[in-house]
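The values are calculated or read from the model by the stated rules, or taken from the named source; none is laboratory data. Just so it is clear, the structure is predicted and the values come from calculations on it, not from any experiment. All Cβ positions, even for glycine, are placed from backbone atoms using ideal geometry, and neighbour counts span all protein chains on display. Side chains included, ligands, DNA and RNA excluded: accessible areas come from the protein's heavy atoms. Shrake-Rupley method; radii C 1.70, N 1.55, O 1.52, S 1.80 Å.
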Amino acid sequence: MTTIAELSLTDWWPVRILLLAAAVLCGLVVWFLRRRALKIGVAVLAGLLVLANVAAAVNASYGYYLTFGQAVGLPGPDAASLKDLDLSRVPGNGVVIGIGIPGRVSKFAARSAQVYVPPAWFSQPRPKLPVVLLLHGTPGSPGDWLDGGGAAVTLDAWAAAHHGVAPIVVMPDINGSFDADTECTGAVETYLDKDLPGFIRARFATQPPGRHWAMAGLSEGGTCAATMVLRHSSEFGSFADYSGLLGPRTGDDNSLGDTVPALFGGSVADFRAHEPAWLLTHQRFPGLGAWFETGDADDAPLSAARQLEPLAEAAGMDARLTVLPGGDHSFFVWRQAFADSLPWLAARLGLGGG
């Protein structure tokens, strides 16, 4: 039986019709009320319902919240914490854990990460599983991949088809706050490269960093994934870039704007060392993998992907490009992109594909 928390928000017309009907009803009630205070209260309620209607339309456009429970911040049915894990049995689906990963080296004050632990991890003896870091964008938070991104659903489907086996997927914070935009430079780069791998390997007994680790992300997170893996190719074997730009940028397109002074202290050399196109044309990356996916209605990321994919291939990488017809800069694209790339990522991580 479907609970209120599980009610779908993707089929948005019924939601909007319900909200609009309630707003109209409130408007009619105002006409019959005599007391001024009641009139004002009901009028305010009608206004709030109209705003909720607009919010439902925006959510439908970007596909962020899939259910009512996600929209109001209720934990999913698979949510848990590390101390609450039941290690005595193998669960039917993966378990999502909220966990703080301290920035001991980087000093980055990160928000709590979300970690997807597949059913196979609960088996005895415990297998050493590979790891995927799944990065959010800006504005955003680590939970975005569970809400709009539907990552746990995609991973559960994969695990169900592969005897409970899937990668451990870590969704870390890369910005420190909802509307910050670090582009994974400075302390955040150190956090992802130094603090996080050791912590995750120690807590979950994973495969060591290297070819069994990958990084993927949406928008800013996609740019981060490409940049990080190219800069730290001994720690990661593959990346998947969903709708990222050509490289770290302070704006929403591929133009530089104030990127060099704002992110790199005015150092052109430091900027180049973080620019995927520059790295791909000045180094070779044999054995690494690169997956680019974006919508054909998302101009700047599409242009970036079409430039970077052939450069990656020329640099010796296993490079792929997928363009989604009609796709824009939204979670509809990013959910599909993660599902599209997961078999490829799993094969490169040593889990087999298909």
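Observations
- Each label was represented as a point 7 Å from its Cα along the Cα-to-Cβ direction; for Ala160 and Ala205 these points are 2.8 nm apart.
- Heavy-atom SASA rank of Arg231, Arg284, Arg335 (probe 1.4 Å, accessible area, largest first): Arg284, Arg231, Arg335
- Accessible-area composition of segment 75-349, carbon plus sulfur, in percent [1.4 Å probe]: 53
- Ser234, Ser255, Ser267, ranked by accessible area, largest first (probe 1.4 Å): Ser234, Ser255, Ser267
- FRET E, pair Val105, Gln283, Förster distance 30 Å, beta-carbon r, rounded to 0.05: 0.75
- Computed accessible area, His282, all protein chains, 1.4 angstrom probe, square angstrom: 110
- Shown here for segment 85-126: trypsin sites (Lys or Arg not before Pro) in loop regions (DSSP other than H, G, I, E, B) with at most 16 other Cβ atoms within 10 Å, namely Arg89, Arg104, Lys107.
- Length-normalised contact order of segment 75-349 in % [C-alpha pairs under 8 Å, at least 6 apart]: 16
- Accessible area (Å², 1.4 Å probe, nearest 10) - Thr281: 80
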